[in-house]
Amino acid sequence: MTFLSKAILVTAGLVLAACSNPDRFDESGSASANANASIAGTAQDPTSPLYFQQAVGDRVLFEVDQSNLTPTATATLDGQAQWLMRNSDYNAVIEGHADEQGTREYNVALGARRANSVQEYLITKGVAANRLKVVSYGKERPIEICSEEACYAKNRRAVTVISAGPTS
Amino acid sequence: MMRYVLSLLAALFMLAAPALAQDTAESDGPLRIEITEGVIEPLPYAVPSFVADTAAASEWADKISRVVASDLNGTGLFREIPAEAHIARISNFSSPVQFSDWKAINAQALITGAVRTEGSGRIVVSFRLYDVFAGQEMGQGLQLVGTEQGWRRIAHKVADQVYSRLTGEDPYFDSRVVFVSEDGPKDARQKRLAIMDYDGANVTYLTDNSSLVLAPRFSPQGDQVLYTSYESGFPRIYVLNVETVGRRVLESQDGTMSFAPRFAPDGQTVVYSLTRGGNTDLYSMQIGSSQSTRLTNAPSIETAPSFSPDGSRMVFESDRSGTPQLYIMPAGGGEAQRISFGQGRYGTPVWSPRGDLIAFTKQSKGRFHIGVMRTDGSEERLLTASFLDEGPTWAPNGRVIMFSRETQGAQGSTSLYSVDITGRNLKQVPTPSGASDPSWSPLQK
């Protein structure tokens with residue numbers, strides 16, 4: 001339960017950061033760059049979840065209706081796997097998301113595919129399976145809110161949310 | 001004048017008028033509006049304010065007649081002749097009607113009514129329906145008894161009777177809708193379950209907004225609601241008792257997600273999607289047990305199941321062909337037949353309560369549509385088009401569909417709409433804030 005509530009806190013922090021970001025339409029400003037007080041640690045401390053989020057990169061993006069990992073995504077996930085193996089006190093929940101094109105149910109299933117792709121990749125890179133959980137939010141939790149491809153591209157994502165372990 | 005027949009069934013109405021039942025003769029038959037043809041000219045009618053038989057009843061008399069009119073006008077099949085145009089008053093419900101007064105304003109149908117209050121907060125409503133040009137009553141007068149708190153239901157039952165007698169269709173006004181009430185901006189949206197009368201009145205909330213909730217679905221008896229909640233941190237299916245608002249989790253296998261639940265017509269079996277290892281398949285479960293049965297086993301996404309009214313088959317959405325399409329298979333699983341072959345992506349199929357049609361969401365060329373097709377996939381018709389329409393639900397009589405519409409862009413908001421299966425009478429259903437994922441109840445008992 002503590003694991004879950006922390007994961008939710010971190011998620012809530014992300015949402016708040018996105019809301020208060022005046023540059024949310026600026027394509028160059030990524031949501032993960034928004035400093036965010038509710039994530040533990042400092043960006044300078046390589047063992048902190050904040051470092052994971054900002055320096056390693058907590059998210060990968062997907063093509064329309066796809067769940068396969070792009071070369072950019074696997075590069076990010078290589079870094080995530082290394083960080084997770086170095087910081088074994090932490091676990092992670094991988095959140096899969098979809099853009100608003102598509103029905104609610106289909107998008108939950110699609111987000112699950114994306115989260116699963118990330119989970120499987122991290123496991124093949126050596127992260128213990130019992131440290132990783134997956135959840136899909138479908139199209140329910142967009143970080144970018146315009147109805148254009150520029151926003152959709154950022155919403156089709158899987159985010160690795162770091163939480164204190166061990167998982168139940 | 002025909003003698004008024006009282007039905008003394010408390011809080012219920014008596015189905016009367018065998019002469020009207022299943023009447024298909026149109027030439028010299030009674031006043032009848034055919035809604036399958038797509039009505040061009042709504043039928044003009046008058047509903048003068050009901051007569052208050054007791055002083056305390058005057059509060060209810062006008063309100064009840066207004067809700068009757070609102071129900072009928074809302075169908076788009078009837079046009080009310082407003083009170084200002086009336087040249088006669090109904091001051092005594094038992095007196096003979098002067099048909100000439102109503103012919104003169106071209107009212108084809110006339111509804112009269114009387115309201116009286118009894119002790120302990122009971123209201124008694126009597127009404128009659130007249131075919132003005134034939135100069136006769138249509139069916140028998142009826143008396144309905146209800147509580148003061150339930151006055152809108154009495155009005156809906158009166159309107160249901162009028163609608164049925166004039167259209168020959170089953171009624172639907174005395175029904176409710178459970179839906180997801182939405183607040184806040186698109187990137188911080190809060191959702192909670194709410195229930196209301198079919199016309200948007202009497203909204204009450206069934207959950208708070210502390211957890212994301214999705215897609216509630218009524219039981220066939222209207223007493224329970226299945227829905228998906230993220231209360232545990234993961235999507236799981238819950239069942240909620242509408243009366244007590246008590247709820248319990250139905251499906252909670254560790255390491256899985258479950259969503260898109262729907263009741264079978266038996267009210268005992270639940271079908272839903274369960275995701276394990278990134279793969280989503282259909283399962284069924286008896287609501288009293290925690291034993292689930294797997295119905296599909298494919299690497300594709302299988303979701304949004306909906307039963308045929310006889311419970312023998314189900315229609316669902318699958319991307320096994322590469323894009324989401326609609327399939328029908330036996331209720332216990334087995335070989336599935338694809339039924340959607342048009343251009344585009346199909347989802348959220350819902351079998352009509354009449355059994356004849358399947359409503360669905362279609363995505364094509366960047367637009368969303370609500371459509372209907374026959375159960376073999378033929379005669380596809382798109383009823384709506386917008387940036388984002390989805391999640392159809394059927395009125396209890398299978399003549400009207402309600403769905404969610406979301407507007408485009410950063411300020412995008414959600415609301416409920418309804419449309420006839422002819423594609424006519426598209427209109428917004430009023431809700432206090434954003435609203436999505438409607439599920440229409442059966443007709444209330």
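Every number here is computed from the coordinates shown, using simple stated rules; none is lab data. Source: prediction; values computed, not measured. All Cβ positions, even for glycine, are placed from backbone atoms using ideal geometry, and neighbour counts span all protein chains on display.
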Checklist entry - Can you pull out the residues in the stretch A:114-137 that are of a type in the set (Gly, Ala, Ser) and more than 8 Å from chain B (Cβ to nearest Cβ)? => result A:Gly126, A:Ala128, A:Ala129
Checklist entry - Would you say B:Phe78 is in contact with a Leu (Cβ under 9 Å, 6 or more places away or on another chain), over 17 Å from B:Val162 (Cβ atoms) and crowded, with 17+ Cβ neighbours inside 10 Å? => result no
Checklist entry - Does A:Glu95 fit the bill of being charged (D, E, K, R), touching a Pro at 6+ places or on another chain (Cβ under 9 Å), within 26 Å of A:Glu144 (Cβ to Cβ) and within 12 Å of chain B (Cβ to nearest Cβ)? => result no
Next on the checklist: Could you go through the stretch B:232-255 and let me know if any residue there is hydrophobic (A, V, I, L, M, F, W, C), within 26 Å of B:Gly342 (Cβ to Cβ) and within 13 Å of chain A (Cβ to nearest Cβ).
Outcome noted: no
Next on the checklist: Can you confirm whether A:Thr103 is among the β-branched types (Val, Ile, Thr) and either touching a Lys or Arg at 6+ places or on another chain (Cβ under 6 Å) or more than 18 Å from A:Asp65 (Cα to Cα) (or both)?
Outcome noted: no
Next on the checklist: Quick check on the stretch B:386-398. Is at least one of its residues in a strand (DSSP E or B), within 14 Å of chain A (Cβ to nearest Cβ) and surrounded by fewer than 24 Cβ atoms within 10 Å (Cβ to Cβ)?
Outcome noted: yes
Item to check | Options B:Gln268, B:Gln224; residue that is more than 19 Å from B:Gly333 (Cβ to Cβ) and more than 13 Å from every other protein chain (Cβ to nearest Cβ) | outcome: B:Gln224
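Per-residue answers, yes or no, for (1) among the aromatic types (Phe, Trp, Tyr); (2) in contact with a Ser or Thr (Cβ under 7 Å, 6 or more places away or on another chain); (3) farther than 29 Å from A:Ala115 by Cα; (4) within 12 Å of chain A (Cβ to nearest Cβ):
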{"residue": "B:Arg276", "(1), (2), (3), (4)": "no, yes, no, yes"}
{"residue": "B:Leu282", "(1), (2), (3), (4)": "no, yes, no, yes"}
{"residue": "B:Ser290", "(1), (2), (3), (4)": "no, no, no, no"}
{"residue": "B:Ala304", "(1), (2), (3), (4)": "no, yes, no, yes"}
{"residue": "B:Pro309", "(1), (2), (3), (4)": "no, no, yes, no"}
{"residue": "B:Ser312", "(1), (2), (3), (4)": "no, no, yes, no"}
{"residue": "B:Ser318", "(1), (2), (3), (4)": "no, yes, no, yes"}
{"residue": "B:Gln337", "(1), (2), (3), (4)": "no, no, yes, no"}
{"residue": "B:Gly342", "(1), (2), (3), (4)": "no, no, yes, no"}
Next on the checklist: I need the full set of residues from the stretch B:360-397 which are in contact (Cβ under 8 Å) with a residue 60 or more places away in the chain and under 16 Å from the mean Cα position of the chain (by Cα), in order please.
Outcome noted: B:Gly391, B:Thr393, B:Ala395, B:Pro396, B:Asn397
Checklist outcome for this item: Those residues of the stretch B:400-436 which are within 13 Å of chain A (Cβ to nearest Cβ) and of a type in the set (A, V, I, L, M, F, W, C) amount to B:Phe403, B:Ala410
Next on the checklist: Would you confirm whether or not the stretch B:158-181 contains a residue that is surrounded by 21 or more Cβ atoms within 10 Å (Cβ to Cβ), within 14 Å of another protein chain (Cβ to nearest Cβ) and either under 30 Å from B:Gly409 (Cβ atoms) or not β-branched (Val, Ile, Thr) (or both)?
Outcome noted: yes
